[in-house]
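Down below is the structure, laid out as C-alpha cells.
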Amino acid sequence: MVTGTLIYEGKAKKLFTTGHPDEVLQYFKDDATAFNAQKRGTILDKGIINNKVSERLFRLLEENGVPTHFVERKSDREMLTKKVTIVPVEVVVRNVIAGSLAKRLGLKEGEAIQPPIVEWYYKNDALGDPLIADEHVRLLKLATPEQMAEIKGLALKVNSVLQPFFAERRMVLVDFKLEFGVHNGRLILADEISPDTCRFWDQATRESMDKDRFRKDLGKIEEAYQEVLKRVCG
C-alpha cells in the first residue's frame with residue numbers, strides 16, 4: 001500500500017516519496033493513452049503486467065551490465081526505484097520498420113533494419129515529443145555530447161540483450177522507447193520496459209502484442225498483454 005507523498009503523476013504511473021531520500025516508489029496504473037494523450041482508455045491489469053514485466057527485464061539487464069533504477073518490486077503495482085533526474089530525451093531503438101518511421105519515410109512495414117537505428121525525441125508533451133537531432137539536444141541543453149554518446153551505447157547494449165531474450169520467447173522486438181536518468185552523477189536506465197513502451201510481434205503470425213492493439217483498435221488488448229506476461233515471466 002502506498003503511504004508516501006505523491007511527487008508526480010504521468011500517463012501510466014504515479015511517483016511517491018519513501019522513507020529514503022534516494023528512492024521513490026513507482027505505482028503502475030491501468031490508464032492507457034495514445035497519440036499524445038488524444039486517445040484515452042483503460043487496459044485491465046495493465047499496471048500489474050507492466051510492473052512484473054519491467055522487473056524481469058530490469059533484472060536481466062542488470063545481470064548483463066546495464067545499470068538501471070530498479071531496486072525491488074514491492075507489490076503487484078508498486079516498484080521501488082532509485083531517485084533520478086530524468087534526461088528529457090526519449091530514446092527509440094528500431095530493429096524493424098514500423099509505426100512512425102514507416103509513415104515518416106514512406107517505407108514498408110516489416111523489413112528488418114541493419115544495423116538498428118537509434119532516434120532522439122524531445123520529451124515535451126506540449127510539443128508532441130518531436131524527433132530531434134544531436135544539434136537540437138545541444139541547442140536546448142538537454143544533455144552533454146558525452147552523455148548522449150553514453151546513452152546511445154547503453155541503448156544499443158539494451159537492444160543486444162533484449163533481442164535474443166525475446167526471440168527465445170517467439171517474439172520479435174520491433175522497436176522500443178527508453179528513458180535515462182542521472183543518479184549520483186551516473187547515467188542509468190529508468191522508467192519501464194513493457195508492452196506500453198515496446199513494439200512486439202509474434203514471431204509466427206506477426207500479430208501485434210503491445211499497445212498498438214489499443215492505438216489501432218485491434219481488439220484482444222488485455223489478451224495480448226497477458227500473453228507477453230506469460231512469455232516473459234513464465
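Let me spell out the model: positive unit charges on the Cβ of Lys and Arg, negative unit charges on the Cβ of Asp and Glu, origin at the Cα centre of the chain. What dipole size does that give, in debye rounded to 20? Display every interim value, and only then the final one.
On the way: 37 positive and 36 negative charges, 51 e Å.
Dipole size: approximately 240 debye.
Enumerate by residue number the trypsin sites (Lys or Arg not before Pro) in segment 1-37 meeting two conditions: DSSP loop (anything except H, G, I, E, B), and at most 16 other Cβ atoms within 10 Å of the site's Cβ. Taking segment 1-37 and a limit of 16 other Cβ atoms within 10 Å, the loop trypsin sites (Lys or Arg not before Pro) found are Lys11. Arranged from fewest to most other beta-carbon atoms within 10 Å of their beta carbon, Asp45, Asp196 become Asp45, Asp196.
Put in order of Cβ neighbour count within 10 Å, fewest first, the listed residues Thr197, Thr205 become Thr205, Thr197. Take the convex hull of the alpha carbons in segment 1-93; its mean projected area over all directions comes to 6.9 nm².
For Cα extents along the principal axes in Å, the value calculated from this model appears in (1) 54, 45, 31; (2) 49, 43, 41; (3) 49, 41, 37 under label (3).
Residue order for Met148, Met79, fewest other beta carbons within 10 angstrom first, comes to Met148, Met79. For a straight C-alpha distance cut-off of 28 angstrom, the lysines reachable from Lys152 (same-chain residues fewer than eight places away being disregarded) are Lys11, Lys13, Lys14, Lys52, Lys82, Lys83, Lys103, Lys108, Lys123, Lys141, Lys177, Lys211.
Is segment 93-183 best put as rounded, prolate or oblate by its Cα gyration tensor, with a ≥ b ≥ c the root eigenvalues, rounded for a/c under 1.5, and otherwise prolate when a/b is larger than b/c, oblate when not?
Oblate is the answer for segment 93-183, as a/c is 1.5 or above yet b/c matches or exceeds a/b.
Go ahead and run the numbers for FRET between Arg104 and Glu207, Cβ-Cβ distance against an R0 of 25 Å, rounding to 0.05. If you can, show how the numbers build up before the last one.
Numbers: r = 23 Å, r/R0 = 0.94.
So the FRET efficiency works out to roughly 0.60.
A short reminder: the numbers here are calculations on the coordinates, not readings from a lab. As the structure is a prediction and not an experimental result, all values here were calculated from the model. For neighbour counting, all protein chains shown are included, and Cβ atoms are generated from backbone atoms with ideal geometry for every residue, glycine included.
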